[in-house]
Amino acid sequence: MSACNPDSHPCKAIPAAFAVADAAAAPKKRNREIEAGRADEIPLGGRKIVEIDHLSIGIFHLRDGFHAVRNQCPHQGAELCKGSIHGTHRPSDVGEFEPALDGRVLRCPWHGWEFDIVTGKGLYNEKDRVLAYEVRVHDDGRLTVLI
């Protein structure tokens with residue numbers, strides 16, 4: 001099998017997805033702050049799924065803080081936030097493995113689609129993503145999600 005053809009769709013999509021993940025831009029600014037529990041309820045590496053205004057949202061405690069994504073895979077609607085959390089590898093030559101995004105890749109439990117928890121970006125093509133929300137930790141330990 002030959003190396004990745006830069007003109008083929010899957011090979012162009014993967015670097016684009018990593019560019020979004022590398023930039024790790026904050027989620028879109030939203031102005032409604034909703035209570036979502038306490039920071040000490042979610043251990044490092046853990047998650048909590050909450051219902052906010054008829055939305056199911058997963059809140060994740062990563063090394064760099066708290067992040068939230070919508071608990072619905074855009075593929076077929078699975079409860080995305082019940083999937084596994086892991087890292088991935090960047091595209092590379094055959095036999096080379098370059099670890100990336102350690103502890104911030106969420107894999108859908110139904111079909112394995114992968115999303116960056118920080119940005120919501122799908123890691124398999126240029127367009128797909130899941131909504132990401134800003135999470136605030138207040139001085140008293142309260143967590144709020146901006147929707």
Restricted to the range 16-52 and to residues being modelled with pLDDT of 95 or more and of a type in the set (Val, Ile, Thr), the residue farthest from Gly122 (Cα to Cα) is Ile42
*asked:* Take Gly87 and tell me if it is assigned to a strand (DSSP E or B), small (Gly, Ala, Ser), at pLDDT 95 or above and out of contact with any Phe, Trp or Tyr (no Cβ under 9 Å at 6 or more places or on another chain).
replied: no
Checking Asp102, Asp139, Asp128 in turn, the sole residue that is at pLDDT 95 or above and either out of contact with any helix residue (DSSP H, G or I) (no Cβ under 7 Å at 6 or more places or on another chain) or not aliphatic (A, V, I, L, M) (or both) turns out to be Asp139
Note on Cys73: of the conditions (1) outside any loop (DSSP other than H, G, I, E, B); (2) crowded, with 19+ Cβ neighbours inside 10 Å; (3) touching a Leu at 6+ places or on another chain (Cβ under 6 Å); (4) touching a residue at least 24 places away in the same chain (Cβ under 8 Å), unmet is (1)
If we keep only residues of the range 91-135 that are without any contact (Cβ under 8 Å) to a residue 24 or more places away in the chain, over 8 Å from the mean Cα position of the chain (by Cα) and part of a strand (DSSP E or B), then the residue farthest from Gly77 (Cα to Cα) is Glu98
The condition of being touching a Phe, Trp or Tyr at 6+ places or on another chain (Cβ under 8 Å), buried (at least 19 other Cβ atoms within 10 Å of the Cβ) and farther than 16 Å from Lys48 by Cβ holds, among Leu143, Leu123, Leu106, only for Leu123
Check on Leu55, surrounded by 12 or more Cβ atoms within 10 Å (Cβ to Cβ), at negative phi and modelled with pLDDT under 95: yes
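The values are calculated or read from the model by the stated rules, or taken from the named source; none is laboratory data. For clarity, every value in this text was computed on a predicted model and none was experimentally measured. A quick note on method: Cβ atoms are made from the backbone with ideal geometry, for glycine too, and the neighbour counts reach across all protein chains shown.
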